[in-house]
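Notes to accompany the following structure.
The values are calculated or read from the model by the stated rules, or taken from the named source; none is laboratory data. This one's a predicted model, so the numbers in the text were calculated from it and none came from an experiment. Neighbour counts run over all protein chains shown; Cβ positions are idealised from the backbone, glycine included.
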């Protein structure tokens, strides 16, 4: 019985203490004509996010600030031991320099709030006194940094909804409410294409005598494809064709009609023979720029004897980008 009574008394005093703290904080009041400032963090109305932006990157950052510099009484409190603090009724962290990233209503887009205290101290000095209490003018600068962060490879487009982010307060009374206005997130369509039409690469007429043994080469000819991408992209290419057996897919077979014997065709990229029917990575293409992709074509001896004839081959290329 006594054990139950002791627990009841302890609970009573705990509730009493909490009640007293709330009552003390609520005794701060606005001065006549005063009200909290509404600050909208100035993000652009429309933000375009590159589809190749890495996850974890900052999409956009902006700063919101408020200063009351007229030394006019704003809030009156019973004591000068009243804290400045950040407060919000949402899920956002209120710790300075927090690394927490919080979701928005758009998948793949998060936000981070960094609290910049400026001259903000734990306690502030009143600017005036009255018999009823201490008057605070609130001339301190209040500032936050808002960052939009890419949190997934694929992001949802649309509007980030308008909402209150946080509030700077004296005691429990807001001095400035920081808000996020409607901001539209768009993702442009990524596209890459080759500017060239079908190419015919003429390696010229060669004598069989120019080949001097197995895997000797001749007739080397440069050509290029002009690649254009709408955004910075990593591009891969595949060249399809009929390859010779035991060539590791690096030598094309010639068209069979009246074909020369004992030779095949190679294509080189950055001085290395490509593997036909396999994807290989090209250069990383800068944003909205055309770049030439340089290749070479050459004949290669693949048998002990070379006999004359036509030496034609057909290659079809494909590209993919991300």
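Things to note:
- Check on residue 282, buried (at least 16 other Cβ atoms within 10 Å of the Cβ) and not in a strand (DSSP E or B): no
- Qualifying residue in the range 63-72 (condition: at pLDDT 85 or above, farther than 30 Å from residue 153 by Cβ and touching a strand residue (DSSP E or B) at 6+ places or on another chain (Cβ under 9 Å)): no
- Any hit, the range 245-268, residues being over 24 Å from residue 202 (Cα atoms), modelled with pLDDT under 85 and surrounded by fewer than 17 Cβ atoms within 10 Å (Cβ to Cβ): no
One line per residue, one yes/no per condition, for (1) out of contact with any strand residue (DSSP E or B) (no Cβ under 7 Å at 6 or more places or on another chain); (2) part of a strand (DSSP E or B); (3) modelled with pLDDT under 85:
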residue: 155; (1), (2), (3): no, no, no
residue: 159; (1), (2), (3): no, yes, no
residue: 167; (1), (2), (3): no, yes, yes
residue: 174; (1), (2), (3): no, yes, yes
residue: 178; (1), (2), (3): no, yes, no
residue: 185; (1), (2), (3): no, yes, no
residue: 189; (1), (2), (3): yes, no, yes
residue: 193; (1), (2), (3): no, yes, yes
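- Residue match in the range 27-40 (condition: in the same structural domain as residue 111 (by TED's automatic domain parsing), modelled with pLDDT of 85 or more and within 29 Å of the chain's Cα centre (by Cα)): yes
- Of all the listed residues (203, 225), the sole one being out of contact with any helix residue (DSSP H, G or I) (no Cβ under 9 Å at 6 or more places or on another chain), closer than 30 Å to residue 301 by Cα and outside any strand (DSSP E or B) is 203.
- Answer from 129, 80 - the residue that is in a strand (DSSP E or B) and either at pLDDT below 70 or exposed (fewer than 13 other Cβ atoms within 10 Å of the Cβ) (or both): 129
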